[in-house]
1. Taking 22 Å as R0, compute the FRET efficiency from the Cβ-Cβ separation of Ala118 and Ser200 and round it to 0.05.
2. Viscosity 1.567 mPa s, temperature 4 °C: Stokes-Einstein D of the range 94-269 from its Kirkwood Cα radius, in µm² per second?
3. To the nearest 0.05, how large is the calculated FRET efficiency for Asp166 and Met219 if R₀ is 45 Å and r is the Cβ-Cβ distance?
4. Only counting other Cβ atoms within 10 Å, I'd like Ile167, Ile148 sorted with the fewest neighbours first.
5. Sort Ile251, Ile194 so that the residue with the fewest other Cβ atoms within 10 Å of its own Cβ comes first and the one with the most comes last.
6. For Trp161, Trp150, which order do you get if you count the other beta carbons within 10 Å of each Cβ and list the fewest first?
7. So how much slack lies between Asp93 and Glu131, counting 0.36 nm per residue of separation and subtracting their Cα-Cα distance, in nm?
8. Sticking with the crude label model, points 7 Å out along Cα→Cβ, report the distance from Asp143 to Thr103 in nm, one decimal please.
Amino acid sequence: MRHDFRSLDLASLSLACTFVLTLIAVDWKFRSLEATTVAGVILGKGKKLFRKRPIFDPGKFGADGRKTLLLLLFLFAIPAADCSAQTAPPPFDEHAFDRVPPTVVKRLATRFSLGAFAGRLEETPLDAVREAVGEGTIQHQGDAGGSIYWLCYRHAQHRLWLSSGDIGGPNHLVTEFVEEFTEKDAETSADCAILPEKFSPFVVDGKLHLGMSRSEVVMTLGRPSKSEAARVVYSHHGKLANGFDETAWLILRFREEKLVSMRGGKTTTN
């Protein structure tokens with residue numbers, strides 16, 4: 001996949017933002033500020049400096065001028081919106097699979113759709129989703145086995161994450177999804193891209209979507225591998241025609257008998 005400024009390493013980004021803000025705070029803590037924004041402070045300081053000293057004379061420009069230029073470079077190299085990292089997918093509850101046998105015979109979580117856009121787990125790159133939707137920024141955190149890339153979208157009271165773990169490879173193929181119904185309108189939160197109306201709803205395997213009743217889910221997917229008061233788990237393990245092993249799963253949560261959260265993933269191993 002092509003790497004560009006839209007694919008961000010959160011740790012590096014946060015460090016750069018923190019470094020810039022720290023330098024500003026130390027340098028101007030006891031000085032009167034000419035502007036209320038960081039950009040105003042830096043530019044105002046640079047304006048005074050340039051009026052006093054010929055910047056093309058290295059001997060007179062001094063360390064103070066070089067510091068100002070360094071801060072300017074940091075300021076314009078980092079988009080303002082990027083200093084606020086997007087929310088990572090909710091943490092995975094490993095206990096959800098305690099004593100859960102792979103009872104589902106049919107394949108699970110093989111494909112998904114966003115309106116007319118169709119994708120497949122372990123086949124569709126995150127970048128393909130981003131280009132089709134025309135919105136979103138691929139985020140990243142962690143390294144090695146803990147590395148994860150993701151896209152986050154919001155629409156009305158829904159929030160959706162499509163993610164790629166280590167098994168997604170260098171092309172960051174979608175290997176997992178999470179969609180949740182939030183208590184408040186997700187439009188009020190600006191940490192995820194807005195999903196255009198035509199790419200809603202998010203549907204898994206052509207039939208599963210938020211808002212379904214519990215009885216509709218059971219009629220569609222069959223008997224779950226594990227059933228609790230507010231959560232059911234579907235687990236599948238099978239062998240593909242090429243001899244590879246496929247593991248797929250769904251964790252579904254209900255509130256007042258309505259599906260309000262679904263998480264699923266698929267991995268193929270040889």
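Nothing in this text is a laboratory measurement; each read-out follows from the coordinates by a stated rule. Given the structure is predicted, the values throughout are model-derived calculations rather than measurements. We place every Cβ from the backbone using ideal geometry, glycine too, and count neighbours over all the protein chains shown.
1. Working: r = 14 Å, r/R0 = 0.65.
Approximately 0.95, to the nearest 0.05.
2. On the way: Rh = 16.7 Å.
It diffuses with D of about 78 µm²/s by this estimate.
3. Numbers: r = 36 Å, r/R0 = 0.79.
E between Asp166 and Met219, to the nearest 0.05, is 0.80.
4. On the way: Ile167 15, Ile148 21.
By the 10 Å Cβ count, ascending, the order reads Ile167, Ile148.
5. Values: Ile251 21, Ile194 15.
Lowest to highest Cβ neighbour count: Ile194, Ile251.
6. On the way: Trp161 22, Trp150 26.
Listed from fewest to most nearby Cβ atoms, that is Trp161, Trp150.
7. On the way: separation 38, 0.36 × 38 = 13.68 nm, distance 3.07 nm.
Stretched out fully, the Asp93 to Glu131 stretch lengthens by 10.6 nm.
8. For the pair Asp143/Thr103, the computed spacing is 4.3 nm.
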